Amino acid sequence: MIQYLIIGITYAFTAVVQPGPFQVFLLSQTLSIGWRRTLPAAFGPLISDLPVILIVLLLLLSVPPHFINILQIAGGLFLFYLAYNTYKTWKHFYSPKPPAPHSNQQTLLSAIIVNLLNPNPYLGWSLVLGPLLLKGWHQNPSNGIVLLVSFYLTLTIGMIITILVFAAAGKYGSRLNRLLLGISFCALSCFGLYELWCGLSGYKSLLN
């Protein structure tokens with residue numbers, strides 16, 4: 001169970017600190033309407049990911065067992081790709097400029113739409129979290145529950161902290177974001193190795 005707790009927290013942390021459409025949206029809203037009115041957007045992924053999770057799990061349940069191991073190997077390579085992009089961003093870090101805000105949209109609804117159009121949740125659940133959730137659930141349902149709760153609790157808290165960091169960007173934002181990106185690179189690399197090991201060992205056991 002501890003293993004799935006650590007995985008959930010680690011992957012959520014890397015999702016929070018990686019630059020992407022949702023982070024840019026949070027930056028835009030924080031600078032345009034203030035951090036207090038932007039806080040509801042932190043719960044956007046918690047709502048928008050639900051249909052993504054259901055669709056991915058239904059698809060994964062209909063495929064043969066060895067396909068899950070192939071997905072884990074692909075997930076490990078995907079994590080290395082994310083780690084490489086994170087390293088490039090860390091090396092050439094700059095504070096992104098926010099796009100023009102849409103003041104006529106409600107913050108939470110806007111956050112849900114932005115996240116639904118973001119490819120990262122689909123890739124993450126298909127290649128990484130989905131196979132891990134099924135694996136943990138088959139071992140013990142509590143493992144799957146711990147993975148889900150730790151991931152979304154960490155993700156939501158992380159998004160709230162991100163909003164507060166953006167609000168204080170004038171003093172600490174750039175330096176703190178760069179530090180978090182460096183930590184994210186290390187975490188993604190280790191997580192990628194773990195996924196590759198799980199996928200290759202599981203596939204090898206099926207062949208024997």
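The values are calculated or read from the model by the stated rules, or taken from the named source; none is laboratory data. Remember, predicted model here, so these are calculated numbers, not experimental data. No Cβ is skipped: glycine too gets one built from the backbone with ideal geometry, and neighbour counts run over all protein chains shown. Protein only, heavy atoms only, side chains kept; ligands, DNA and RNA dropped before computing areas. Shrake-Rupley method; radii C 1.70, N 1.55, O 1.52, S 1.80 Å.
Against the definition (closer than 19 Å to THR156 by Cβ, at pLDDT below 90 and part of a helix (DSSP H, G or I)), how does VAL56 come out, yes or no?
Answer is no for this residue.
So, of the residues in the stretch 124-148 that are within 15 Å of ALA15 (Cα to Cα) and at pLDDT 90 or above, which turns out to be most open to solvent (accessible area, probe 1.4 Å)?
Only one residue fits best here, namely LEU148.
Could you tell me which residue of the stretch 102-121 is modelled with the lowest pLDDT, considering only residues that are open to solvent by less than 70 Å² (accessible area, probe 1.4 Å) and under 16 Å from LEU39 (Cα atoms)?
Checking each candidate, the answer is VAL114.
Does the stretch 1-56 hold any residues that are among the charged types (D, E, K, R) and within 22 Å of ALA187 (Cβ to Cβ), and which are they?
ASP49
Given the criterion modelled with pLDDT of 70 or more, surrounded by 14 or more Cβ atoms within 10 Å (Cβ to Cβ) and farther than 17 Å from LEU79 by Cβ, identify the matching residue among PHE191, PHE166.
Going through PHE191, PHE166 in turn, just one is modelled with pLDDT of 70 or more, surrounded by 14 or more Cβ atoms within 10 Å (Cβ to Cβ) and farther than 17 Å from LEU79 by Cβ: PHE166.
Out of curiosity, is LEU50 over 17 Å from the mean Cα position of the chain (by Cα), at pLDDT 80 or above and of a type outside the set (Ser, Thr, Tyr)?
So LEU50 fails the test.
Just to verify a result, which residue in the stretch 63-79, among those that are open to solvent by 60 Å² or more (accessible area, probe 1.4 Å) and either in a helix (DSSP H, G or I) or within 18 Å of ARG175 (Cα to Cα) (or both), is modelled with the highest pLDDT? Give the derivation first.
First, pick out the residues of the stretch 63-79 that are open to solvent by 60 Å² or more (accessible area, probe 1.4 Å): 64-67, 70, 77.
Among the residues that remain, those that are also either in a helix (DSSP H, G or I) or within 18 Å of ARG175 (Cα to Cα) (or both) are: 65-67, 70, 77.
Values: PRO65: 68, HIS66: 72, PHE67: 73, ILE70: 77, LEU77: 81.
Only one residue tops the list, namely LEU77.
LEU5 versus (1) at pLDDT 80 or above; (2) under 17 Å from THR162 (Cβ atoms): which is the lone unmet condition?
It fails just one condition, (2).
Go through LEU60, LEU54, LEU82 for me and flag whichever is open to solvent by 60 Å² or more (accessible area, probe 1.4 Å) and either of a type outside the set (A, V, I, L, M) or closer than 17 Å to LEU123 by Cβ (or both).
Of LEU60, LEU54, LEU82, the one residue that is open to solvent by 60 Å² or more (accessible area, probe 1.4 Å) and either of a type outside the set (A, V, I, L, M) or closer than 17 Å to LEU123 by Cβ (or both) is LEU54.
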